[in-house]
Amino acid sequence: MPSYPYVLLSAAVSLDGYLDDTGPDRLLLSSPADFDRVDEVRASVDAILVGAGTIRADNPRLLVNSAERRAARTAAGKPEYPLKVTVSASGELDPAANFWHTGGEKVVYTTEKGARRLREDPVAADVVALGDDLDWRELLVHLREVRGVERLMVEGGGTVHTQLLRQGLADELQLVLAPLFVGDPRAPRLFGPGGYQEGRLRLVETRRIEDVVLTRYEPTAPGTGVLPAAADRHWLALACDLAAECPPSPTAFSVGAVVVAADGTELARGHSREGGDPVVHAEEAALAKIAPGDPRLAGATVYTSLEPCTHRSSRPTPCARLILAAGVRRVVTAWREPDTFVPDADGSGMLTAAGVDVVVLPEYAGRAAAPNAHLAP
């Protein structure tokens, strides 16, 4: 399963939801202290992305302005500036824009058509063609696996933010609310219409910064099918944390599990040997807390740090069959079961054969395995 960087969306908007007005100069929505906060966030990431429209409209430099923060990056073995990234299907980019002539390395993601245009009218950046169309998942995989980007900050514009949110690819939204109105329907808005994921986002932080307010949100709604969404990573990380709460056993794995409805509502959680029961499994403990026949189970996702078991000696029904009996059709897991206790265990295979969508996020395997380090391989 491909892995993506942590994607952080950053934007400032007016009280009526606009990114800018229609005047010739950029409308400054943030306060001086918030501009410094943004500089701090930039210094913490591996790459900063803006759409081609933002380059045309704002001609940004996208720098880490603080010399101290740049020095800290260098001392940590990082480039002085994060990688600068833009996306353009057409390849229509101004070679004289500030974006290309300040900071460190740059990369343009485009189509085959856009790449041909950029060969004729080049910019000072690496050019990566993604095919006939722009695919955000392919772009994110390339950033992580080829460019080594672990954290990506996205600073606009509204079209880019909308696309990433609608596809469930944004791990965090940092939104600054400015105390003014724009009121011009011709002005650009932060989010456009369309089909977004279900449910409410989770409020992580609210902070006053001079006369603006910063709010940070995380998505909660699981992905659909076999495509991972940003919220899948949050819930799987929680399952791994629950595994660490298990009383250790020399004869069984330590596993955590969470059951989440399609709208992001947590239905139940559990972990191995919960409540003093020496043989209860994580998925079993979680599902037991949900009323049989709960209609939300059909659209729910089970997150489990270790793939559900297919054989067990302690109870007659393994967890994979409990999941099928509950009517759950999607499972996200971190770690395939080793042969420690059951040779050739394949809970993922059993579930897949029964029509369940199984998503494996191997980047969490280390966290899932850590509470089981005492077991013989």
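The values are calculated or read from the model by the stated rules, or taken from the named source; none is laboratory data. This structure is a prediction, so every number in the text was calculated from the model and none was measured. Please note: Cβ atoms are built from the backbone with ideal geometry, for glycine as well, and neighbour counts cover all protein chains shown.
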Only one of these conditions is not met by ALA47: (1) out of contact with any Gly (no Cβ under 9 Å at 6 or more places or on another chain); (2) closer than 18 Å to VAL149 by Cβ; (3) without any contact (Cβ under 8 Å) to a residue 24 or more places away in the chain. Which number is it?
(3)
Selection within region 41-50 - outside any strand (DSSP E or B) and touching a helix residue (DSSP H, G or I) at 6+ places or on another chain (Cβ under 7 Å):
ALA43
Mind listing whichever residues of region 234-275 are surrounded by fewer than 20 Cβ atoms within 10 Å (Cβ to Cβ) and either over 24 Å from GLY293 (Cβ atoms) or not assigned by TED's automatic domain parsing to the domain that holds VAL342 (or both)?
ALA237, LEU238, ASP241, ALA244, GLU245, PRO247, PRO248, SER249, PRO250, THR251
Scan of region 203-226 for residues that are closer than 20 Å to TYR6 by Cβ and surrounded by 14 or more Cβ atoms within 10 Å (Cβ to Cβ), ordered by number:
LEU214, THR215, ARG216, TYR217, GLU218, PRO219, THR220, ALA221, PRO222, GLY223
Look through ARG137, ARG147, ARG186 and report the one residue that is touching a strand residue (DSSP E or B) at 6+ places or on another chain (Cβ under 8 Å), charged (D, E, K, R) and in the same structural domain as VAL45 (by TED's automatic domain parsing).
ARG147
Among the residues in region 66-88, are any surrounded by fewer than 17 Cβ atoms within 10 Å (Cβ to Cβ), in contact with a strand residue (DSSP E or B) (Cβ under 7 Å, 6 or more places away or on another chain) and touching a residue at least 24 places away in the same chain (Cβ under 8 Å)?
no
Which one of these does ALA124 not meet: (1) small (Gly, Ala, Ser); (2) in contact (Cβ under 8 Å) with a residue 60 or more places away in the chain; (3) assigned to a loop (DSSP other than H, G, I, E, B)?
(2)
Taking region 12-33 and the residues there that are within 14 Å of ALA187 (Cβ to Cβ) and either touching a strand residue (DSSP E or B) at 6+ places or on another chain (Cβ under 7 Å) or aliphatic (A, V, I, L, M) (or both), the one that is surrounded by the fewest Cβ atoms within 10 Å (Cβ to Cβ) would be LEU15
